[in-house]
Every structure is written in C-alpha cells, then in structure tokens.
1. Could you give the radius of gyration (one decimal) and Dmax (whole number) of the Cα atoms in segment 566-612, in Å?
2. Bin width 5 Å, alpha-carbon pairs only: give the P(r) of segment 462-503 as whole percents, running from 0 to the bin holding the largest distance.
3. Ordered by packing density, taken as the mean number of other Cβ atoms within 10 Å over each peptide's residues, highest first, how do 639-648, 18-27 rank?
4. Using a 1.4 angstrom probe, figure out how much accessible area the chain has per residue, in square angstrom, rounded to the nearest whole.
5. Whole number please: convex hull volume per residue, Cα atoms of segment 357-516, in Å³.
6. For the chain, take the convex hull of the Cα atoms, compute a quarter of its surface area, and give me that in nm², please.
7. Please work out the ratio of the alpha-carbon Rg of segment 84-228 to 2.2 N^0.38 Å and round it to two decimals.
8. On a 0 to 90 degree scale, rounded to 10, what angle separates helix 57-69 from the longest Cα axis of the chain?
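The values are calculated or read from the model by the stated rules, or taken from the named source; none is laboratory data. Predicted model only: the values in this text are computed from it and were never measured. Cβ placement follows ideal geometry from the backbone for every residue including glycine, while neighbour counts extend to all protein chains displayed. With ligands, DNA and RNA removed, areas are computed over all heavy atoms of the protein, side chains included. Shrake-Rupley method; radii C 1.70, N 1.55, O 1.52, S 1.80 Å.
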Amino acid sequence: MTSKFTKGFWEKTARIILRNRILILILIAGITVFLGMQWENMRFSNSQANLLPDNHPVNIEYRSFLKQFGEEGNAIVFAIKDQALFTPENINRWNRFSKQLVAFPEVDFVLSLDNLQELVKDNEKQEFQLRPLIDGQLKTQKELDSIKEHLFTELPFYDKLLFNKESATIRTVVNMDKDIVNTTVRKDFVLKDLTNLVENFEEETGLDVHVSGMPYIRTMNSQNIIDEIGKFILAALGVTSLIFFFFFRSFRATLISMCIVIIGVMWAFGVLGLLQYEITVLTALIPPLIIVIGIPNCIFLINKYQQEVKKHGNQALSLQRVISKIGNATLMTNMTTASGFATFIITDSKLLKEFGIVASINIIGIFVLSLLIIPIIYSFLSLPKTRHLKHLNKKWVDGFVNWMEGIVRERRISVYIVSLILLVTSIIGIYQIEISGSPIEDMPKKAQFFKDIRFFEKEFDGIMPVEIVVDTKRPKGVMRSTNLKRIDQLSEVITEIPELSKPISVVNLVKYSKQAFYNGLPKYYQLPTNQESNFILSVAQKSSGNENLLKNFVDSTGQTARITTFMKDVKTDRMEEIEARLQENIDKFFPAERYNVYMTGSALIFLKGTKYLVKNLILSLAFAIFLIALFMAYLFRSFRMIVISLIPNLLPLVITAGVMGYAGVPIKPSTILVFSIAFGISVDDTIHFLAKYRQELITNKWHIKKSVYAALRETGVSMFYTSIVLFFGFSVFIISNFGGTVALGALVSATLMFAMLANLILLPSLLLSLERNIASKKILKKPQIDILPKKDEDN
C-alpha cells in the first residue's frame, strides 16, 4: 500500500514539475528576491559565544556578577616594551596618546601614566589625597628617570597593572563604556578610531604598540570571520565546479549546478536574516556547507538523467524518471544529512541551536532547488551530446569499480581483519583524546592580535578574566578587618599560581592606604593591624577621590567584593586543577554558613561551556544515529539490516576519533561537530546503495550475489563522484586562519573518505556474508518506500 502510494506520489510530482515549469521558476525567483531582502537584517555577533543555556547555574552567577559590577570584559590594554619609550619626547607622546583615548565617547575612563594618581597623606587635613604622578609635560631626561625610579620601586599598587618592573613594560588600560561594549559601536571604534590612533603613534615614534583585551580580541576575531566567509564561498564554488567539470566534461551541467548552489547560498543568508540570527563562527560555515552538500544532489540527478538519455534517448521520459526514481532516494539522503545537523537543536546551547536550525532548513532547501531546477532547465535544452555521456564509460572509473568488486568477491576476510585492526587501534587512540576549554585556541595564530595575546600573557600573566565574588552577607561587611584578611589570604594563594596574574581587589587599595599613611614607604604596603585599621580606614573613606577607586572593587552596599585576576591560555586539565585549588581555599577561608563565594568570568564560562557542549553533542550524535536507524527500519523491517547499514557509518567515526587522539587534536566546540555532520552526510551513500540493492533483489528474484554486484556497479560511480566532491569541498576549510575550522574541514574530509570506502567495500561484504539471514522475501516483499522503479523499468 505504502509502495503504491509513494510511487504514485513521485510520478505525480514529476508531472506537476514538468507541466508548471515557468510558474515554478517564477516562484523560485520570488522566494530568492524575498530572502535577498532579508539580508539587511543580518548582523554579526558582537558578544562572546556563550555555550551554556541561560538557566545554567554558572550563567546565573555570571549574570548576577554583571548586575553588581557591570561588564567584566570591557578593558582594552595598550603596552610598549622598548627602552626607547623612556625619553621625554616619546613619553610625552605616549601621554598625549592617552589623552586622545579619553576624548572618545566610547571610552569610560583611562588609567595610564598620564593620569596616574599617587595616594598621599595630607598631614594638616588628616586625609588622603590623590596627586598626579606626572604634572604637565616632561622636559628633561633626569626628571623622567626620577619618575621612572619612583614608579618602579615605590608604587607596588600599580605593579603588573600599569607596568612590569622586571621588563620595564608600560601599559595603558582603557575601560570602554559598558553599554556599548557588546554592540556594533565597539566594532566601529576598534577598527576605525582605535586602529588609526595606534598607527599614527607608531608612525610618529617608531615604537611598536601591543593591543589586547577582550573587546579588542572579540572585534578582531569577528572581523576575521567576516573576511573568511567570502573566501570560503569562492573556494568552495571553485573547487566543486572544477571537480564537477572534470567528471562530466560539460559546461552547461557545471553552470546549472553552480547556479543552484549560488541560489542556495542566497537562501542561506536570507534565512539568517529572516530569523534574525547573528553570524557566528558556526553559522558563517553554512553558506559553503550548502555548496558542498548541494553539489552531490546535482551529481546524482544529472548522472541519472544522462544514464536515461544514453539508454533510450527520450528526453521527456528521462526527465520524468529522474524525478520519480531518484527523487525519493535524494529526499531520504537529504533528510538524513539534515537530521545530522538538526540534532544540534535538542541541545540547550543557543549557539548550536541556531546553527542546527539554519543548516537543516537550508539542506532541505537545496534539495528542493536541485529537484526543481535541474529537470526544468534540462527540459528547455537539447539532449546531451555524445561527448557529454563519455564519462559514463571512463576506463579509470571502470577500473576503480572493478577493483572494489574484486576485493568484495575475493578478499572479504581481509576486509574484516583490516576493519577489526582499525577499530581496535582507533579505540586505543580515543583514550588519548583531551578536551580543550581554551577560548583562544582556535584563533588565527599568525594574526597580530593573537601574538599580542601571547605578549600580555608573558608580561602581565594573562588576558582572560577570572572573577571571585565574596558576599559577606552583611552591609559594609567587606571593610571589616577579618574579612579583608580572608580576602588577602585568598589573594596570596592566587599569586602563588603561575598561570594567574597578580589579583586586584579592595585589599590592594587598603594596603596602598596604609603605605600612604606612612608617607609612601613601600615596606608599609600591607594590611593595617587591628590598631591601625580604624584610623586609616576612616581617613581613607572621607578622602576625596577614594570613593571612585572603591566602587571598582566593592558594590554600593559595601556587602560584596570582587577579586579580579587574569588567566593565561592553559590546557583544560590544568585549568580544572586551578579551579579546584581555588575552590579548596575558598571553602577554607570563607565558611559557607557565613559567606557566599563563587568564581565566574569569561575563562571559566568558556571552560564550563565546552564541557557542557561535549556532553550534549554526545547525546545529539546518539540521537542522530537513532533517527537514521529509524529511516533504515522504515526501508527494511529487519534489525540485521539496521545493524549492517550502521556499521560502515560508525566505523569511520571511530577511526576519525582515533586519529584525533594520536594526532593530539583535542575535543573542542569546533571538532565535536565533526561527528554529527559526517555521520549525517556519509549515511547518504548507504541509503543509495541499499536502495539500489533492494531494487536489484526484486529484479533478480532474491539472488543476493548478483544483486550486490549490480548495485555496486551502478551506484559505485555516483558514490565515488559525490565523495570526491565532498572530500575536496570540505577541504577548502583548511585554508582558514582559525585552527578549529581547519580541524573541522580536515576531519570531516577524512571521515567522508573513510565512509566511502566502508560503504563500497565493507557494506557489500557484510551483505554477502549474511545472505542467508537477509534474503527473506518477508523483509522485502512489500517495500515501505518506493525509492526505486519497478522491475521492468530498471534495466
């Protein structure tokens, strides 16, 4: 019943398409124009990717921190490591550079040598005052040397904040307006105003300025993503069109296919705009993915059309059979590919959910475009010439098919032994895979902004913020002597960890107040004793300017304090060790019944997000396997057939995972996508092969060997063509500057190549070995989906 229904459906679909050609082309043009109009709604991501769901406890704590203290990643830092800076002319120019930064409305405040305030005690008024370190322009070298000596030896409060006394590196810190740090205003400010300012300074002085900080890093990284979208699209079009032409030797077939995938790319951008999703490092991959996935559709449809033309020369019948015979099989393969991407929708990550939705919609869209445009365009064209059909008889293709058939016929045991060895070896490699939670690992290593990240890691011990929030559960409880000592004890632990920078907190300000109280002597840069506390703190609190310093470290109620440190780019296991050590000391110094203390910040958010992602994507991959198993169950009501169809597709995934372990490629947000994507695509070949195999069984009266070899010969060429296109198509991602994108392209390409060999060698071998168990008419007597034609139409 189902067989007759589906057969009738596709024959009717073929008639509708071929009888309404002009109307369908107008409809496609209309949809394309509509989606093209949505491009204006596209926007690039201005915030850091958050892989955690909004209701995750870590995200809730992070939002609580932002509510109390504002955006933690709003600082841009500038630094110079050059003795040539320490001349009156250059230092005055550096100070003028700081004044120019202050003038921008996007800047909240600037902390630099130019406006550095020294805390001093006014003995007459019995209060602290903030006095400029540099008053006006410096005129003599002696004056500059004196200030430099004073800065490096007598102001420990600013050590590793504005300078590194060991290397004589000077830094300026610019805090951007928190309201615009995650908007497009930040992008324009960084790429235009800031860049011009730095270039002018470098040109005038000959000094190299290093620039970093999370707003700057995110802006430069986003710009790299934007620059690569066009590069990927052109590379994917170029590679796939060349391979397509090499196989078909037909300009018009190549041109038709290119038009289809270009429209598909336009639709992809339109869907992003229509849904108002941001273009992220993941969604930026969708347009070239559509090209790579769309070309195999064109190959199967055009190849079938040319086979039919060669067989009987009737154009109308050929076009009708392209739709009625290949339509359902192509739909199933695109459904399985879309399912691989759609499984990301079940994750709680907004980033992955949006990627899954847009990718799966556009994969179905490119299928519809291929199925409609190819028959319609060919119906207006003359029949392919003899030279366009020569590729169907290429000797090297026949040689490849004969080679595969020979292996399946004569070396099945060897196939199983090799497969088993690869399986065992790969499982050993899997145990060597590490998880990476570094937010900068995938960034372009050759880019100047990445080199500057390494510079600041070396000079100032890190760039990625880690925040520890201490809630004393009492208004004004932070400034109590016992609480300050506890914060200081935790700060000492942070200082002992080499991967963390010198912490900054209210304790530093209190120590600086004591130093100022004792006339600026550096040895008194320490917490006041109980006897000193009341007097020093009372003087500090009534002193002018101190309230602005204090608000950066303590909330408005005086109940909650923050300890800020910065982390170097370290491996995930080391990051977890650091987190565990900090948590151990937090529990030690701050009893849970008296304090509420938690860690947050960009570095930890990304680490937690990566681990959460790995957990969810394992579930999504399992769900993809389950969905595709259902497709197979729908085709063949046999558990053995489901197992046989899954083995050639799961083995390549295991091999790829093993290669990752041996090659030292970690599991991270980019590489974890490989498995769901590759599985959804590679199973297409399995469906094509098994669909043809089922038809041959019916035609050959359940003679398995004959059916397997016939299916191998007819589908082998198309499967080889599509696998080559997919291999080189995904390989274009290797030209990326992003390590994650390079790994994604290389791993998916390798997986698909493994999958092609598994489907063309291992799958037929399994079918032949299990022929007695699967040659039952009860299984195949009434096919559930009429993917293939009747016996009399086939050969």
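1. 11.9, 34
2. 5, 21, 26, 20, 15, 10, 3
3. Order by mean packing, descending: 639-648, 18-27.
4. Averaged over the residues of the chain, the accessible area is 42 Å².
5. Measuring per residue, one finds 349 Å³ for the Cα hull of segment 357-516.
6. 38.7
7. 1.18
8. Helix 57-69 sits roughly 40 degrees off the main axis of the chain.
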